[in-house]
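First the structure, in the form of structure tokens, and then the observations on it.
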Amino acid sequence: LGIFGKEEQILESKEVNEIIYKVAFHEFNNRNEFVPNTCFISSRTGEFVHFVNNKFVQSTGLSKISEVKKEEADILKSLLDKMPLDQKIKSSPTLDEENVREHLEGLASKGFVLKQKTEGKTKYSLNKQIEIPTTPRHSLLASINSLPITKENVSDVLKENFSREEISHMLQTLFPNVVIKRVSELFRPMYLIKVQGEKNFFVDAFTGSIVS
């Protein structure tokens, strides 16, 4: 594989399968229409899984979104969209500087926002590690649709860390205007590599790249 040092040796290579939840949902949009879409969420990491430029990429932050309140999620999406908070306050009849500060404190306590004191003032900024789609219409959400991931039962399935119910709650926390229609399981083949020194990692069977 070209990724090991001279003293590292592969002890075992085993094919395993990761459960990817395929979530079919309808978005209730501003025109009072239900628009269908699909997204894919890893049962192992609790993150969105996309296929971009011939490789799998994952979001960062969806797995923790259940910890935030509805209002905090709304503020978070504004930060991700680089929308100035004073503009956000003006566009919302329920927001003011005081409760926005409370929501930012809540996001900071959960790691979504960083806060720093400068010249006696507290400033808040988005944690740059957070990368989550801010709309259920995002083009990457359904990007796995074209891949030949099997829908049939397979052997050696990795234990799920997130259940169907948990990922459904996460999705509806991020996108309150969606109705989940169906959650099905797909199986993504990977290789579990055990290296001398008990270092284990996964290699994707489609692309040959290391899986985070």
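The single condition among (1) surrounded by fewer than 15 Cβ atoms within 10 Å (Cβ to Cβ); (2) over 18 Å from residue 18 (Cα atoms) that residue 174 does not meet is (1). Among the residues of segment 171-201, those that are of a type outside the set (A, V, I, L, M), closer than 21 Å to residue 155 by Cβ and modelled with pLDDT under 90 comprise 194, 200, 201. Might you let me know whether segment 20-35 holds any residue that is free of Cβ contacts under 8 Å to residues at least 40 places away in the same chain and either in a helix (DSSP H, G or I) or within 30 Å of residue 189 (Cα to Cα) (or both)? Scanning segment 20-35, I find no residue that is free of Cβ contacts under 8 Å to residues at least 40 places away in the same chain and either in a helix (DSSP H, G or I) or within 30 Å of residue 189 (Cα to Cα) (or both), so the answer is no. Here residue 137 passes the criteria (1) in a loop (DSSP other than H, G, I, E, B); (2) more than 24 Å from residue 29 (Cβ to Cβ); (3) of a type in the set (Lys, Arg); (4) touching a residue at least 24 places away in the same chain (Cβ under 8 Å) except the one numbered (2).
Conditions (1) among the charged types (D, E, K, R); (2) on the phi > 0 side of the Ramachandran plot, marked per residue:
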{"position": "88", "(1), (2)": "yes, no"}
{"position": "114", "(1), (2)": "no, no"}
{"position": "120", "(1), (2)": "no, yes"}
{"position": "131", "(1), (2)": "yes, no"}
{"position": "135", "(1), (2)": "no, no"}
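Taking the listed residues 147, 158, 141, the one that is open to solvent by less than 80 Å² (accessible area, probe 1.4 Å), under 21 Å from residue 51 (Cβ atoms) and touching a Cys at 6+ places or on another chain (Cβ under 9 Å) is 141, with no other qualifying. Of all residue pairs spaced 6 or more apart or on separate chains, those with beta-carbon atoms under 9 Å, a first member in segment 145-170 that is polar (S, T, N, Q) and at pLDDT 80 or above and a second member that is in a helix (DSSP H, G or I) and open to solvent by less than 70 Å² (accessible area, probe 1.4 Å) are 161/63. When restricted to residues that are open to solvent by less than 40 Å² (accessible area, probe 1.4 Å), outside any helix (DSSP H, G or I) and polar (S, T, N, Q), segment 49-80 contains 1.
Can residue 110 be described as in contact with an Asp or Glu (Cβ under 7 Å, 6 or more places away or on another chain) and either surrounded by 13 or more Cβ atoms within 10 Å (Cβ to Cβ) or touching a residue at least 12 places away in the same chain (Cβ under 8 Å) (or both)? Against the criterion (in contact with an Asp or Glu (Cβ under 7 Å, 6 or more places away or on another chain) and either surrounded by 13 or more Cβ atoms within 10 Å (Cβ to Cβ) or touching a residue at least 12 places away in the same chain (Cβ under 8 Å) (or both)), residue 110 qualifies.
The values are calculated or read from the model by the stated rules, or taken from the named source; none is laboratory data. Since the structure is predicted, the reported quantities are computational estimates derived from the model, not experimental observations. A quick note on method: Cβ atoms are made from the backbone with ideal geometry, for glycine too, and the neighbour counts reach across all protein chains shown. The protein model used for the area step is the full one, side chains on, heavy atoms only, and it has no ligands, DNA or RNA in it. Shrake-Rupley method; radii C 1.70, N 1.55, O 1.52, S 1.80 Å.
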